[in-house]
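Worksheet for the structure shown next.
The values are calculated or read from the model by the stated rules, or taken from the named source; none is laboratory data. Because the structure is predicted, anything quoted here is derived from the model rather than measured. Note that we place each Cβ from the backbone using ideal geometry, even for glycine, and neighbour counts take in every protein chain shown.
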Amino acid sequence: MTHASAVVDAYFAAVVAGDPEAVVALFAPDAVLQNAAGTLNGREAIAAMYRAGVAPGAMKPSPRPYVVNGDTVAVEIDLSANGKAVALADFFTVREGKIQRLAIYSLTPADARFFDDKTGEQS
């Protein structure tokens, strides 16, 4: 059984590497991702967001120490993305080695909209 924090480590490593396929592979088929732009249901919807927004050098998350409670991991992040500095908090639920749910909270709703220009979707 993969520990939840190891999955979160792999998530951040894949984001830093700019490897959207590695990020997407960490999500369960029926995963849910929630952020200020809305809710994405299922790995394929989540994949579209990461494929549009994750590229080498596009994002540099600096996660702070994790708070782990069983299959839940909470982490504050200083993120540099598309020329913006954003303060985030991510809450991961990991089951059977896959991200089942990821909720991304930003300091202000506009902070999380750096994907809007890439996906064409507005909240």
Checklist entry - In the range 26-48, how many residues are surrounded by fewer than 21 Cβ atoms within 10 Å (Cβ to Cβ) and either among the aromatic types (Phe, Trp, Tyr) or out of contact with any helix residue (DSSP H, G or I) (no Cβ under 8 Å at 6 or more places or on another chain) (or both)? => result 8
Checklist outcome for this item: When the range 45-93 is checked residue by residue, the ones that are in contact with a Lys or Arg (Cβ under 8 Å, 6 or more places away or on another chain), farther than 14 Å from Ser106 by Cα and polar (S, T, N, Q) are Thr93
Next on the checklist: Name the single residue that is modelled with the highest pLDDT among those in the range 48-59 being out of contact with any Ser or Thr (no Cβ under 9 Å at 6 or more places or on another chain) and of a type in the set (A, V, I, L, M, F, W, C).
Outcome noted: Val54
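Here's the yes/no breakdown for (1) under 16 Å from Ala4 (Cα atoms); (2) modelled with pLDDT of 95 or more; (3) small (Gly, Ala, Ser); (4) in contact with an Asp or Glu (Cβ under 6 Å, 6 or more places away or on another chain):
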site	(1), (2), (3), (4)
Leu26	yes, yes, no, no
Val32	no, yes, no, no
Leu40	no, yes, no, no
Ile46	no, yes, no, no
Pro61	no, no, no, no
Pro65	yes, yes, no, no
Asn69	yes, yes, no, no
Val75	yes, yes, no, yes
Checklist entry - When you look at Ala4, is it surrounded by 15 or more Cβ atoms within 10 Å (Cβ to Cβ), within 19 Å of Tyr105 (Cβ to Cβ) and modelled with pLDDT of 95 or more, yes or no? => result yes
Item to check | Failed condition for Phe91, given (1) modelled with pLDDT of 95 or more; (2) more than 15 Å from the chain's Cα centre (by Cα) | outcome: (2)
Item to check | Members of the range 14-24 found to be farther than 14 Å from Asp90 by Cβ and either out of contact with any strand residue (DSSP E or B) (no Cβ under 9 Å at 6 or more places or on another chain) or of a type in the set (D, E, K, R) (or both), listed by number | outcome: Ala17, Asp19, Pro20, Glu21, Ala22, Val24
Checklist entry - Is there a residue being in contact (Cβ under 8 Å) with a residue 40 or more places away in the chain, in contact with a strand residue (DSSP E or B) (Cβ under 6 Å, 6 or more places away or on another chain) and surrounded by fewer than 17 Cβ atoms within 10 Å (Cβ to Cβ) anywhere in the range 49-63? => result yes
Checklist outcome for this item: Looking across the range 64-105 at residues that are of a type in the set (Asp, Glu) and under 23 Å from Ala28 (Cα atoms), the single one that is surrounded by the most Cβ atoms within 10 Å (Cβ to Cβ) is Asp90
